[in-house]
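Asker: Quick one: the structure is below, questions incoming.
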Amino acid sequence: MITVKSFDGGEFDAHIVFPAGGYGPGIVVLQEIFGVNQFMRDVCDWYASHGFVAICPDLFWRQERGVDITDQSQAEWQKGFALYQGLDQAKAVEDSAATMEFLRQHPACNGRVGAVGFCLGGNLAWLLSVRFKPDCAVGYYGVGIEKTLNEAGNLSSPLILHIAGKDQHCPPEAQKQIHAALVSNPLVTIHDYPEQDHAFGRPGGEHYDARAAELANLRTLEFFVRNLAGEGLANAQKTLSDRWDEHVKYEFATRDTEDTLKTMTADAYVNHVPVMTGGVGHDELREFYSEAFIPQMPPDTSMTPVSRTIGVDRVVDEMVFEFTHTIKMDWMLPGVEPTNQHVKIPLIVVVHFRDGKLAHEHIYWDQASVLAQLGLIDATDLPVAGVETAEKVLNPKLPANKWMKR
């Protein structure tokens, strides 16, 4: 926790998390009615893992400091609603702005600061946008936005609103008013989730929807990167690249299953798409890596990098993968005995990261080309290329359209 000075002379605590690189753009995370609880801290951790300095201020401090409750009991709900009803909204917006200014001056921040809020915080993110000019802001299912739409003319920075279609805290009439007032504003993007209810992005909540939450979070992350990133993005991308290289080292160099798993989330999965081998979760992946992958990699296996693309939470590697089929390779050729034939193919790996670890790998290659190079299919009369596919990736000037001219 750190201390922030309010505009009217008081002081309040805020939870702050720094990115691995120690420097980046800032994000003010604005709480729900449950205070700076585990969900808010997890949100801060998630943004920090993507290269942002994330800070969540205690906005209930004027009533009670250190509120940290959940949505799991009636008593906690009652306390949350009581604090919400007793909140001085104008002061809460000012405290959010004070936190924003604190972050802008922090040596770990590049000076650009956005805000993201949920429920109560979604409304505060909106009010912060029209009153104190953050560099951008995002509101998740904000409650009460329709009551201050008369301030929309003050908006001068990009804004995203995520609206849950079945949210009774923002009923259809309120949603209609928000759309009518803001949809034509070029600074505003409204994402509607017609089948979702209030707080669909809160894990463990009654209305949590993992797919909708992931979509909203990805949209938000891309928005923040676009509007805030600079050196912080470069640091975050390097972190992802380094983690992927570390993972590959454990697979192919040190050949250590347990170290490989340490780079992955507990629910991670691997899918070798052409043959659907891999596994879901550490138990399945431990068996797969230790029995079917690491010990079944031919000794002359090599990977020639072609390109690497790094996004906000993904790494895509393009390479040429080469080996001699001298041992069983059930991960790529299940049930096929060694042929002693050499194979050289283009291969693509799409790696998704969550919380700084690998969450999934999708690996693609042309299985028909593999089978043709092994002599397991006759490609004479088929539009299937062999080693030529890899050679042309490495040398784009090689002839094209060969199979069209047969």
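The values are calculated or read from the model by the stated rules, or taken from the named source; none is laboratory data. These figures come from a predicted structure and were not determined experimentally. Positions of Cβ are backbone-derived with ideal geometry, glycine not excepted, and every protein chain shown enters the neighbour counts.
Asker: Taking the stated definitions as given, is Arg65 surrounded by fewer than 24 Cβ atoms within 10 Å (Cβ to Cβ), closer than 19 Å to Glu222 by Cβ and touching a strand residue (DSSP E or B) at 6+ places or on another chain (Cβ under 8 Å)?
Answerer: Answer is no for this residue.
Asker: Still on this structure, please answer the following. Mind counting the residues in the range 222-271 that are of a type outside the set (A, V, I, L, M, F, W, C), surrounded by 19 or more Cβ atoms within 10 Å (Cβ to Cβ) and not in a helix (DSSP H, G or I)?
Answerer: The qualifying residues number 1.
Asker: Quick check: is even one residue across the range 52-62 out of contact with any helix residue (DSSP H, G or I) (no Cβ under 6 Å at 6 or more places or on another chain), of a type in the set (Val, Ile, Thr), touching a residue at least 40 places away in the same chain (Cβ under 8 Å) and within 26 Å of Asp355 (Cβ to Cβ)?
Answerer: There is at least one residue in the range 52-62 that is out of contact with any helix residue (DSSP H, G or I) (no Cβ under 6 Å at 6 or more places or on another chain), of a type in the set (Val, Ile, Thr), touching a residue at least 40 places away in the same chain (Cβ under 8 Å) and within 26 Å of Asp355 (Cβ to Cβ).
Asker: Would you call Ala253 at pLDDT below 95 and over 24 Å from the mean Cα position of the chain (by Cα)?
Answerer: Criteria met by Ala253.
Asker: Another one. Six or more apart or on different chains, Cβ under 9 Å: which pairs go from a residue in the range 327-351 that's in the same structural domain as Ile377 (by TED's automatic domain parsing) to one that's among the polar types (S, T, N, Q) and in a loop (DSSP other than H, G, I, E, B)? Could you list them?
Answerer: Hits for this filter: Leu333/Thr339; Pro338/Thr326; Thr339/Thr326; Asn340/Thr326.
Asker: Shifting gears a bit: Any idea which of (1) out of contact with any helix residue (DSSP H, G or I) (no Cβ under 8 Å at 6 or more places or on another chain); (2) outside any loop (DSSP other than H, G, I, E, B) is the one Gly278 doesn't satisfy?
Answerer: (1)
Residues are listed down the side, and each one gets a yes or a no for (1) without any contact (Cβ under 8 Å) to a residue 40 or more places away in the chain; (2) assigned to a strand (DSSP E or B); (3) touching an Asp or Glu at 6+ places or on another chain (Cβ under 7 Å):
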position: Trp126; (1), (2), (3): yes, no, no
position: Val130; (1), (2), (3): yes, no, yes
position: Pro134; (1), (2), (3): no, no, no
position: Glu151; (1), (2), (3): yes, no, no
position: Ser156; (1), (2), (3): yes, no, no
position: Ile163; (1), (2), (3): yes, yes, yes
position: His169; (1), (2), (3): no, no, no
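Asker: With the checklist (1) part of a helix (DSSP H, G or I); (2) under 24 Å from Lys238 (Cα atoms) in hand, flag the one item Phe321 doesn't pass.
Answerer: So the condition that Phe321 fails would be (1).
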